[in-house]
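Structure first, commentary second.
The values are calculated or read from the model by the stated rules, or taken from the named source; none is laboratory data. Keep in mind that what you see is a predicted model, and the values were worked out from it rather than measured. Cβ placement follows ideal geometry from the backbone for every residue including glycine, while neighbour counts extend to all protein chains displayed. In case anyone asks, the SASA skips ligands and DNA or RNA and just uses the protein heavy atoms, side chains included. Shrake-Rupley method; radii C 1.70, N 1.55, O 1.52, S 1.80 Å.
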Amino acid sequence: MHELDVTKELVKQIKQLMNENSINKGKVFLEMGNLTTYSAEPIKFYYSQLTHADKSFVNKKIKLEIHEKKGELYCKECKTTSKINEIFERICPACGSINTQISGGDELKIKKVEKYE
Amino acid sequence: MCEECGCEENKETIKVEKDLRQENDKMAAETKHKLLHKKVYPINLMGSPGSGKTTLIQNLANYLNPEEIAVIQGDLESDIDKKKLEKDKILTYQINTHSGCHLNSAMVRDALENMQLQGKKYLIIENVGNLVCPAGVKLGQDFNIVVSSTAEGADKPKKYPVIFNEANLVVISKMDIAKAVNFKREDYIKDLKQINPDMKIIETTNTNKESYKKIAEIIRQNHEKWEETESKHQH
């Protein structure tokens, strides 16, 4: 349910991009780290509801594509980066050390927008 | 778009790289800076509904001067907690989100515009009772406290790792009923330490008010460091 706040912000950013780049048809790419508490389905749902009710989107179609990015754990011992699924996975899968830190998976950003004719 | 095969023509790609939390975080950073300038130490207090957040503030007022504490209280509805704290002479501003499951930096900024912080040393922002939504939403705080009661069970860190990951201090409340609810203390502490080995953990019980003394001390020390930082900025 907290996805509503960030989806409102997403729609606001998209409207700005639509204005700045004269976009009537396009696709926005959202990158979402899997170590956050955000989920793709609620964002997609809120996105469709918000754009449906917004006159800036009448006769315009901007699709939303969400790419989930896996969490990353950097090991200070063996200097490798491994992919992780949960924020409490702290043991390096490569060497077993606990001397690690999360180095990715916290993203929630608009990567790019594609403009179609 | 080509009607035959569905391919997109004349594609132009515009690079964006914009975080959706940027606006909120920018406002939070401004709030934090203003509070540093005023030497008021901001704390984000989180936890499940009924975990003991408001009770924690009431007990801290026995070890910190209540006149030096300001509280922003977040709930969907009602001012029950505001009335509780005002009885203890603590300045409290109530935010009712109606349906919002967490506070955000715009709400906190608006609250602060309506509060008189003269003479205050500590700002405790009691977030909406929730272990999911407040996690990662910056408000302008410098310290995160998560209150987790024995009655909720020892599996909370495993089930809600994000909020525990960002906690500087976890308060395990209601230790007086730990046995009655079969609370697995060692498992709980082990899981917390795995998420963040530097995390402070303090157990509290209303049958021993001294258990709150240590928490007050941590907050007082943080405020002193905050004051020092501000003094250095001035010179």
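For segment B:1-143, report the accessible area per residue in Å² (1.4 Å probe, heavy atoms, rounded to an integer).
I get 47 Å² per residue for segment B:1-143.
Taking the highest mean first, how do the peptides B:182-189, A:71-78 order by number of other beta carbon atoms within 10 angstrom per residue?
Working: B:182-189: 14.8, A:71-78: 17.1.
Result, highest mean first: A:71-78, B:182-189.
Apply the Kirkwood formula to the protein assembly as shown: the hydrodynamic radius equals the inverse of the mean of 1/r over all pairs of different alpha-carbon atoms; give it in Å with one decimal.
Mean inverse Cα-Cα distance, inverted, gives 22.3 Å.
Taking the C-alpha atoms of chain A, how large are the radius of gyration and the largest Cα-Cα span, Dmax, in Å?
When restricted to Cα atoms, chain A yields Rg and Dmax of 17.8, 55 Å.
Tally up the carbon and sulfur contribution to the accessible surface of chain A as a whole percent, 1.4 Å probe, everything protein left in place. Can you show the working numbers first?
On the way: 2910 of 6140 Å².
Using a 1.4 Å probe with all protein chains present, chain A comes out at 47 percent carbon and sulfur.
Within 10 Å of each Cβ of A:5-11, how many other protein chain Cβ atoms are there on average?
On the way: counts 10, 5, 1, 1, 7, 2, 0.
The shielding value for this peptide is 4.
Quick one: in segment B:121-164, what % of C-alpha pairs are over 17 Å apart?
For segment B:121-164, the fraction of Cα-Cα distances above 17 Å is 35 percent.
What number results when the radius of gyration of segment B:109-204, computed over Cα atoms, is divided by 2.2 N^0.38 Å? Show your work: numbers first, answer last.
On the way: Rg = 15.1 Å, N = 96, 2.2 N^0.38 = 12.5 Å.
With N residues counted in segment B:109-204, Rg over 2.2 N^0.38 Å equals 1.21.
Before I look further, what does chain A give for accessible area per residue, probe 1.4 Å, in whole square angstrom? Before the final figure, lay out the partial values.
Details: 6140 Å² over 117 residues.
Result: 52 Å² of accessible area for each residue.
Given N residues in segment B:1-115, what is Rg(Cα) / (2.2 N^0.38 Å)?
1.60
For segment A:1-60, take every pair of Cα atoms, bin their distances at 5 Å starting from 0, and report each bin as a whole percent.
Once binned at 5 Å, the Cα pair distances of segment A:1-60 give 4, 17, 29, 25, 15, 8, 3, 0.
Can you give the FRET efficiency to the nearest 0.05 for B:Ile218 and B:Ser78, using r as the Cβ-Cβ distance and R₀ = 25 Å? Could you put the intermediate results ahead of the total?
Working: r = 30 Å, r/R0 = 1.20.
About 0.25, to the nearest 0.05.
Return one quarter of the surface area of the convex hull spanned by the alpha-carbon atoms of segment A:57-115, equal to its mean projected area, in nm².
5.3 nm²
Please give the length that would be gained between A:Gln16 and A:Glu41 if that part of the chain were fully extended, namely 0.36 nm times their separation in residues minus their C-alpha to C-alpha distance (nm, one decimal).
Numbers: separation 25, 0.36 × 25 = 9.00 nm, distance 2.36 nm.
Additional length available on full extension: 6.6 nm.
Could you pull out the pairs from B:Lys39/B:Lys209; A:Lys15/B:Lys11; B:Lys53/B:Lys190; B:Lys39/B:Lys193; B:Lys82/B:Lys121 whose alpha carbons sit more than 21 Å apart here?
Among B:Lys39/B:Lys209; A:Lys15/B:Lys11; B:Lys53/B:Lys190; B:Lys39/B:Lys193; B:Lys82/B:Lys121, the Cα-Cα distance tops 21 Å for B:Lys39/B:Lys209; B:Lys53/B:Lys190; B:Lys39/B:Lys193.
Could you go through segment A:19-30 in sequence order and give the Karplus-derived ³J(HN,Hα) for each residue, using 6.51 cos²θ - 1.76 cosθ + 1.60 with θ = phi - 60°, rounded to whole Hz, and x for Gly and Pro?
For segment A:19-30, the Karplus curve yields 5, 5, 10, 6, 9, 10, 9, x, 9, 10, 10, 10 Hz.
Need one value for B:16-27: mean number of C-beta atoms belonging to other chains within 10 Å of its residues' C-beta atoms.
6
How large is the direction-averaged shadow of the alpha-carbon convex hull of segment B:75-160, in nm²?
Details: hull surface 27.1 nm².
Result: 6.8 nm².
Using a 10 angstrom cutoff on alpha carbons, build the Gaussian network for chain B and name the most mobile of B:Ile124, B:Ile172, B:Ile202.
Residue with maximal mean-square fluctuation among B:Ile124, B:Ile172, B:Ile202: B:Ile202.
For the peptides B:95-105, A:51-61, what is the packing order when you average, over each peptide's residues, the other Cβ atoms within 10 Å and list the highest mean first?
B:95-105, A:51-61
Using protein heavy atoms only (no ligands, DNA or RNA), what is the total accessible area buried between B and A, 1.4 Å probe, nearest 100 Å²?
3000 Å²
What's log10 of I(q)/I(0) for chain B at q = 0.13, 0.14, 0.17, 0.18 Å⁻¹, Debye sum over Cα points only, no solvent?
-0.78, -0.89, -1.30, -1.45
Which distance in nm do the two modelled labels at B:His233 and B:Asn208 give, with both placed 7 Å along the Cα-to-Cβ direction?
Each label point lies 7 Å from its Cα, and together they span 3.9 nm.
Projecting each Cα onto the charge dipole of chain A (Lys/Arg +1, Asp/Glu -1 at the beta carbon, about the Cα centre), which of A:His52, A:Tyr38, A:Ala94 comes out farthest on the positive side?
A:His52
Compute the Cα gyration tensor for segment B:169-228, then decide on rounded, prolate or oblate, letting a ≥ b ≥ c be the square roots of its eigenvalues: rounded whenever a/c is under 1.5, prolate when a/b is larger than b/c in the other cases, and oblate in all that remain.
Oblate.
Please give the average number of partner chain Cβ atoms lying within 10 Å of the Cβ of each residue in A:83-89, rounded to a whole number.
That average works out to 4.
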